[in-house]
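A.B. asks: Once you've had a glance at the structure underneath, I'll fire off some questions.
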Amino acid sequence: MKDIREIFDRIKETQKKQKDIKSAYKDALETSTQYKEITEKLSVLREKKKSIENQIKSDFNSEFSQLDALKDELVNDRQMLSDIALSTLMKGQPVELKDEYGNDYEPIFSVKFQKI
């Protein structure tokens, strides 16, 4: 089995290579006049699109308020579901869920590292 430091270093090296390739690609795009022209046209079209979206969004003001409330409710319910599942697992009990169609669900846990 490989050492955790060796894998970590390999991930960092791969990320650096990805960054270098993406940077070279971005530089090549910035030097293309055709790309610049298309990007400017795209910017104008995006502004028009945003204007139309805002006009229609103002007509749906109450629906968007309801949408925001539903979004908050989902976040809270998902957090509660995770907390209950973790508590149940910590008690040594199995965590099993079935939806209305009979599909089985099981919890998935992951570990991530962040710089401190």
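A.B. asks: Which Cα, out of 80, 111, 38, lies furthest along the positive dipole direction of the chain (beta carbon charges, K/R +1, D/E -1)?
C.D. replies: It is 38.
A.B. asks: What is the sum of charges, Lys and Arg at +1 and Asp and Glu at -1, for the other residues whose Cβ falls under 13 Å from the Cβ of residue 41?
C.D. replies: With Lys, Arg at +1 and Asp, Glu at -1, the net is +1.
A.B. asks: Calculated FRET efficiency, residue 16 and residue 36, Cβ-Cβ r, R0 22 Å, to nearest 0.05?
C.D. replies: Step by step, r from the Cβ atoms, then E = 0.20.
A.B. asks: How large is the helix-only mean residue ellipticity at 222 nm for the chain, computed as the sum of -39500 (n - 2.57) over DSSP H runs with n ≥ 4, divided by its residue count, in deg cm²/dmol to the nearest 500?
C.D. replies: My calculation for the chain gives -26500 deg cm²/dmol from helical runs alone.
A.B. asks: Obtain the nm distance between the two label points defined at residue 83 and residue 114 by a simple spin-label model: each point lies 7 Å from its Cα along the Cα-to-C-beta direction.
C.D. replies: 1.9 nm
A.B. asks: Moving on. Placing +1 at every Lys and Arg Cβ and -1 at every Asp and Glu Cβ, with all other atoms neutral, what dipole size does the chain have around its Cα centre, in debye to the nearest 20?
C.D. replies: So the dipole magnitude of the chain works out to roughly 840 debye.
A.B. asks: Find the centroid of the Cα atoms in the range 3-56 and in the range 85-104, then give the distance between the two in whole Å.
C.D. replies: For the range 3-56 versus the range 85-104, the Cα centre distance is 41 Å.
A.B. asks: Still on this structure, I have one more. Just need the Rg to Rh number for the range 14-105, please, alpha carbons only, Kirkwood Rh.
C.D. replies: We get a ratio of 1.25 for the range 14-105.
A.B. asks: OK, next. For the pairs 26/112; 22/112; 12/50; 50/71; 2/22; 26/49, note any where the Cα-Cα span goes beyond 31 Å.
C.D. replies: 12/50
Where a number appears in this text, it was derived from the coordinates with a stated rule and is not lab data. These numbers were taken from a predicted model, which means no experiment stands behind them. Reconstructed Cβ throughout: ideal geometry from the backbone, glycine too, with neighbour counts over all protein chains shown.
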